[in-house]
Amino acid sequence: MHHASAIRILHLIYDAARRRFEAVVEFFAPGLPVPLRVPVRVTARADMPHPRLVRALTREAKRRGIGGV
């Protein structure tokens, strides 16, 4: 099984009505012809610091079982 060698946050949107971020997290790994894209949602305030937001989005994607690719 391959492990993700790089991760990118794609299409980040903040939904103010629901107070959540919606994004697509891309996992790049050796042997995959195209990146694996995982849609995620994280409830958070709009002023969440960027590093913390990236960790939260990545953690949510991995929680869904995608990080072990």
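Quick note: the coordinates plus some simple rules give every number you see, no bench work behind them. Treat the numbers as computed from the prediction; the structure is a model and nothing was measured. Please note: Cβ atoms are built from the backbone with ideal geometry, for glycine as well, and neighbour counts cover all protein chains shown.
Under the convention that each Lys and Arg Cβ holds +1 and each Asp and Glu Cβ holds -1, the size of the dipole of the chain around its Cα centre is about 260 debye. So what's the angle, to the nearest 10 degrees on a 0 to 90 scale, between helix 50-63 and the longest Cα principal axis of the chain? Roughly 60 degrees between the two axes. Relative contact order of the chain, taken over Cα pairs closer than 8 Å and 6 or more residues apart, is 33 percent.
Of the residues Phe21, Thr43, His11, the one whose Cα sits farthest toward the positive end of the charge dipole of the chain, with +1 on the Cβ of Lys and Arg and -1 on the Cβ of Asp and Glu, is Thr43. Stretched out straight at 0.36 nm per residue, the stretch from Met48 to Arg64 would grow longer than its current Cα-Cα span by 3.6 nm.
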